[in-house]
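Chemist: A single structure is presented below for examination.
Coordinate-derived values only; no laboratory data. Since the model is a prediction, treat every value here as computed from it, not as a measurement. Cβ placement follows ideal geometry from the backbone for every residue including glycine, while neighbour counts extend to all protein chains displayed.
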Amino acid sequence: MKWPAGEDHEYASEVGHRLHGCVLRRLTQQRTADLAGVDRGVVIAAERGSVTLDLTRIRGLAHAVGAPLPDLLDEDRLRGTGSHFRPAPRRR
């Protein structure tokens with residue numbers, strides 16, 4: 001079974017929305033980028049959910065905004081936001 005690309009985009013959008021909320025509460029996008037070691041454009045794209053980030057960048061962004069990584073990525077919390085995101089089926 002192939003993972004649906006639409007769900008990847010929706011998940012990235014949900015994570016981006018959480019990141020955006022953290023940035024707004026604490027830092028500017030530029031300061032977030034500086035602390036995470038990325039370009040400001042990466043922060044903007046991540047907030048919009050329009051970019052796929054590797055684990056290292058996601059971890060750096062979470063650290064920059066002072067959010068535990070699980071808070072940004074937790075599928076149960078993301079589904080609780082009213083999203084239509086569904087996690088991948090479990091492998092047997």
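Chemist: Ranking THR52, THR32 by Cβ neighbours within 10 Å, fewest first, what do you get?
Modeler: On the way: THR52 12, THR32 24.
Result, fewest neighbours first: THR52, THR32.
Chemist: Could you derive backbone 3J(HN,Hα) for the stretch 52-60 from the dihedral phi with the Karplus parameters 6.51, -1.76 and 1.60 (θ = phi - 60°), listing whole Hz in sequence and x where the residue is Gly or Pro?
Modeler: Taking θ as phi minus 60°, the curve returns 9, 9, 7, 4, 4, 5, 4, 4, x Hz for the stretch 52-60.
Chemist: Starting at the first residue of the stretch 18-30, write each ³J(HN,Hα) from the Karplus equation 6.51 cos²θ - 1.76 cosθ + 1.60 with θ = phi - 60°, in whole Hz, x for Gly and Pro.
Modeler: My calculation for the stretch 18-30 gives 5, 4, 4, x, 5, 5, 4, 6, 10, 9, 7, 4, 5 Hz in order.
Chemist: With the cut-off at 1.5 for a/c, could you classify the stretch 5-79 from its C-alpha gyration tensor as rounded, prolate or oblate?
Modeler: Here the stretch 5-79 falls in the prolate category.
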